[in-house]
Amino acid sequence: MARLPADTDLVGQPDPRLADAADVARTAAEQEGGSDAVGAYVDAQAEEGGAVTHLFEANYSGYQGWRWAVTVACASRDEPVTISEVVLLPGPRALVAPEWVPWERRVRAGDLGVGDLLPTAPDDHRLVPGYLWSDDPAIEDVEGELGLGRRRVLSRRGRQDAAARWHEGGHGPASPMAVTAPGVCGTCGFYLPIAGSLRAAFGVCGNEFAPADGHVVHVEFGCGAHSEVEVEPSPVAAVAELVYDDAQLDVDPISRREGAGGPEQPAGEPDGGVGSGDGAGGPVQLAGEPDRRAAGLGESAGGREQPAGEPGEGAGGPDEPER
């Protein structure tokens, strides 16, 4: 039998049949969401009018902590138990959407884009009708002289809110830029004080090279572009003599044989490799090819070709006649 919560404020005694109708409620939940979507039984809660709501764990993906709530009721003690509604409700640890916020309270600074309209409420506490006492001497003087005025002007609270926002913002006295600045805006020649009751504390930066150019700044804000910044000239240091001169190039000659990929062969030393040239840089002798000079077909030491069969002088003396 399902047990009703002890701390539930009941309106009348619920029908025991409704408290025992957990199986009927589970069948209704399974018909609504499927048998796999209905988990273990959680509890039963008494409702106003004698109805009872049975709760089951929901096995839906993305609905962790949610519950199936099946409300059962009966018209009278003699009537059968019927299903009033089957819904998914969040449990105590369920993931739910944030609290609803009306659209007029969702707009934040910087949200307004090109073409967007943001009307003010008729009872906006920041504005008061222009014909009322605005507590701003500058506005009152102009209105008194011309007999005209804007429809609404900033109220005292509106000016206080703006002053607090500017003081705590990025161009206030406690910003990192102001802490490291060499001077404050109140002593800078580019500082333009604003009119009205906020003149003593705020102005506009008029330095095009400053990070706050065209922005409202606090009188104690500052940056590195202060008009009175002076840079001490550094002493001129003598130029040291050059240690390395890359205008002159040192040339290291490389032999032909070393440049061809092999070690340099000393002059007058026979070459022990097969198929390599002689030490004097002569022609290359291929492996398996007879020596042209030995056969009488090579060049003489003087560079003239010796016909075959004729006596000639080699590098070491006359050749023997061919037999």
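The values are calculated or read from the model by the stated rules, or taken from the named source; none is laboratory data. Keep in mind that this is a model prediction, so the values were computed, not measured. Cβ: placed from backbone, ideal geometry, glycine included. Neighbour counts: every protein chain shown. The protein model used for the area step is the full one, side chains on, heavy atoms only, and it has no ligands, DNA or RNA in it. Shrake-Rupley method; radii C 1.70, N 1.55, O 1.52, S 1.80 Å.
General observations
- Size of electric dipole in the stretch 63-117: Cβ of Lys, Arg +1 and of Asp, Glu -1, about Cα centre, debye, nearest 20: 260
- Hydrodynamic radius of the stretch 18-129 per Kirkwood, over alpha carbon pairs, in Å: 17.5
- Lys/Arg +1, Asp/Glu -1 at C-beta; the stretch 40-115 dipole; positive extreme among 88, 61, 112: 112
- If R0 equals 35 Å, the separation of the Cβ atoms of residue 123 and residue 200 corresponds to a calculated FRET efficiency of about 0.70.
- Debye log10 I(q)/I(0) at q = 0.17, 0.27, 0.30 Å⁻¹ for the stretch 42-103, Cα point scatterers: -0.67, -1.09, -1.22
- Solvent-accessible surface (1.4 Å probe) assigned to residue 41 amounts to roughly 80 Å².
- Label point distance in nm, residue 64-residue 229, each placed 7 Å from Cα along Cα→Cβ: 5.2
- Equivalent ellipsoid, the stretch 163-206 (semi-axes from 5 times Cα gyration tensor eigenvalues, Å): 17, 14, 7
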